[in-house]
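Visitor: So that we are looking at the same thing, I have put the structure below in structure tokens.
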Amino acid sequence: MTISRETLALSEMTGLTPLSATTTCRDPQAAYSELRARWGQVAPVELEPGVNAWLVMGHPEICNVVRNERLFARSPHYWRLYAERIVPPDSGLGPMMFPRDNAYFADGDKHRRLRAPLDDGLAALNEHKMSQMIRSTCTDLIGQFIERGSADLVTEYAASIPMLAVGRMFGFGPEHAEHFRRGLTALFGSGEDSQAGNRMVEQMLTSIIESRRAQPADDLTTAFLKHPNLHNDYEIVQSMVLMVSAGYETTLSWIAQTLRLMLTDSRFSGRMRGGRLGLDEALDEVLWRDPPMSNMPARYALADCDLGGQRILRGDGLILGLAAANADTRVHSSDPWLEVGNRSYLAYSTGPHNCPAQRTSRIITRIAVDTALHLLHDVAMAVPAEQITPMPSPWTRCPASLPVRFSRPGIVHK
Ligand code: HEM
């Protein structure tokens with residue numbers, strides 16, 4: 001059945017493809033192609049039953065949306081389904097899509113005010129100290145399984161690194177990392193447990209704020225407490241939630257996908273034998289092919305307009321299809337040799353809300369991958385690549401596991 005674009009508004013459409021079909025399937029680009037074939041670069045999708053949004057899949061179309069703040073707002077207060085309470089307050093979408101007092105959910109002057117403490121905090125990081133800490137964290141993690149000759153590089157390695165790195169920036173240690181990890185995984189999953197996960201993260205951050213207020217330290221929590229742009233504890237805790245949550249699953253996914261690429265794609269695995277394309281090319285190839293945020297919520301139309309051949313109505317929600325846009329042949333070919341140095345991917349989005357941690361996240365990811373490649377010898381996947389499944393989420397395709405085998409120290413394979 002063909003749904004008429006002219007006669008039905010977004011909210012009236014039924015039988016739409018769920019957004020999660022693009023993240024949980026084996027071949028996301030095939031899923032995006034199907035949507036494009038039917039609808040063009042802007043397709044209606046279902047976020048949860050009764051909650052529809054537009055998925056923007058073209059590279060220039062996404063750039064137009066995120067750079068035009070007069071027509072597309074970030075604040076969910078402009079989302080008709082939220083304002084009219086059609087999305088239930090306990091929806092799993094809440095933690096990723098409902099308003100909070102931080103930069104991510106703000107527009108214009110309020111966005112600039114709340115963004116400055118994040119940019120200032122990241123610019124003031126001592127990268128040398130941070131790099132040393134990450135390298136020693138990675139070496140310790142590998143030390144825990146190297147004698148075994150096998151490991152799961154997601155659960156035993158990649159999942160711990162961003163949490164410990166971002167945790168250290170804010171002044172919380174490994175004893176809190178596991179709790180944060182569980183809370184954030186639920187939050188990103190946008191399922192039934194996402195609101196409980198969000199509460200757990202907020203409570204832990206609130207207690208860290210209280211302890212830094214009593215005893216300041218050289219960390220971002222203390223810097224946020226002192227920053228004149230953050231006006232109350234709610235803004236401080238929400239700015240911390242943003243940094244901790246934005247940094248966790250994205251960086252985990254980037255580490256895991258890069259390790260997987262290097263283990264499964266001969267053009268990159270050559271490097272491990274002293275080969276041809278380097279680590280930064282592999283990191284970039286992942287940002288093209290498997291960007292950590294596949295689909296990014298959201299922008300809301302401030303007026304009726306046309307986009308990619310669709311009629312968008314005021315208050316409609318738009319999801320940024322970053323993974324789909326990266327495959328746009330107008331900006332990218334499929335040959336990594338031709339693409340060396342091309343960083344026009346949308347993995348970090350663009351415009352005023354683009355990711356402020358591009359440099360920091362590359363440092364963390366590069367050290368994590370490099371340390372694994374140097375310490376683990378003769379690494380090979382322990383299961384066929386097709387058996388690697390993503391964690392459930394409509395936004396990311398973070399691998400749930402990456403089982404590998406490698407030589408035990410002292411045993412040399414010829
Ligand atoms: C230490 C790690 C990271 C931290 C602390 C971090 C932090 C943030 C923050 C605070 C924002 C909101 C900025 C704003 O709205 O003004 C953001 C947005 C974003 N980040 Fe990151 N991030 C990290 C890693 C990553 C990685 C690895 C990726 C993907 C490669 C990524 C992709 C994005 C995207 C796509 C946005 C949304 C931009 C938009 O809505 O237009 N982030 N990040």
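Laboratory data are not the source of any read-out in this text; all were calculated from the coordinates shown. All values derive from a computational prediction rather than experimental measurement. For neighbour counting, all protein chains shown are included, and Cβ atoms are generated from backbone atoms with ideal geometry for every residue, glycine included.
Visitor: Considering the chain as a Gaussian network with a 10 Å cut-off on Cα pairs, which listed residue, Arg148, Arg362, Arg74, attains the greatest mean-square fluctuation?
Guide: Comparing Arg148, Arg362, Arg74 in a Gaussian network model of the chain, the most mobile one is Arg148.
Visitor: When every alpha-carbon pair in the range 61-197 is counted, what percent end up more than 22 Å apart?
Guide: Cα-Cα pairs of the range 61-197 separated by over 22 Å account for 58 percent.
Visitor: Can you classify the range 366-413 as rounded, prolate or oblate using the Cα gyration tensor, where a ≥ b ≥ c are the square roots of its eigenvalues, rounded means a/c under 1.5, and otherwise it's prolate if a/b beats b/c and oblate if not?
Guide: oblate
Visitor: For a quick check: sort Val201, Val379 by the number of other beta carbons within 10 angstrom, fewest at the front.
Guide: Val379, Val201
Visitor: Follow-up. Computed over the Cα atoms of the range 207-250, what is the convex hull's projected area averaged over all directions, in nm²?
Guide: So the Cα hull casts an average projection of 3.2 nm².
Visitor: Summarise the long-distance tail of P(r) for the range 248-318 by giving the % of C-alpha pairs beyond 19 Å.
Guide: 52 percent
Visitor: On to the next question. Using helices alone, what [θ] at 222 nm do you get for the chain, with -39,500 (n - 2.57) per DSSP H run of 4 or more residues, divided over all residues and rounded to the nearest 500?
Guide: -14000 deg cm²/dmol, from helical runs alone.
Visitor: From the square roots a ≥ b ≥ c of the eigenvalues of the alpha-carbon gyration tensor of the range 17-82, which class results: rounded (a/c under 1.5), prolate (a/b over b/c), or oblate?
Guide: oblate
Visitor: Over the range 221-371, consider all pairs of different Cα atoms and compute the Kirkwood hydrodynamic radius from their mean reciprocal separation; express it in Å, one decimal.
Guide: It works out to 17.7 Å.
Visitor: Hey, what did the range 10-405 get for relative contact order, percent, Cα under 8 Å, at least 6 apart?
Guide: This gives 26 percent for the range 10-405.
Visitor: Could you work out which residue, out of Pro292, Pro28, Pro384, moves most in a Gaussian network model of the chain, that is, has the largest mean-square fluctuation with Cα springs under 10 Å?
Guide: Maximum among the listed residues: Pro384.
Visitor: Percent relative contact order of the range 303-414, based on C-alpha pairs within less than 8 angstrom and at least six residues apart?
Guide: Result for the range 303-414 is 15 percent.
Visitor: Would you work out the Kirkwood radius for the range 22-137? I mean one over the mean of 1/r across all pairs of different Cα atoms, in Å.
Guide: Roughly 17.5 Å, rounded to one decimal.
Visitor: Now a separate question. For the range 336-382, restrict the atom set to alpha-carbon positions and state the Rg and Dmax in Å.
Guide: Cα only, the range 336-382: 14.8, 44 Å (Rg, Dmax).
Visitor: Still on this structure, please answer the following. Label the range 147-283 by shape, choosing from rounded, prolate and oblate, from the square roots a ≥ b ≥ c of the eigenvalues of the Cα gyration tensor; if a/c is under 1.5 it is rounded, and otherwise prolate applies when a/b is larger than b/c, oblate when it is not.
Guide: Since a/c reaches 1.5 and a/b is larger than b/c, the shape of the range 147-283 is classed as prolate.
Visitor: Provide, for q = 0.13, 0.24 Å⁻¹, the log10 of I(q)/I(0) from a solvent-free Debye sum over equal Cα point scatterers in the range 295-376.
Guide: Summing over Cα pairs of the range 295-376 leads to -0.63, -1.23.
Visitor: Turning to a different aspect of this structure: Do me a favour and compute the ellipsoid semi-axes for the chain from its Cα gyration tensor, root of five times each eigenvalue, largest one first, whole Å.
Guide: For the chain, the ellipsoid semi-axes come out as 34, 28, 19 Å.
Visitor: Specify the residue with the greatest mean-square fluctuation among Gln203, Gln41, Gln257, computed from a Gaussian network of the chain linking alpha-carbon atoms under 10 Å apart.
Guide: The residue that fluctuates most here is Gln203.
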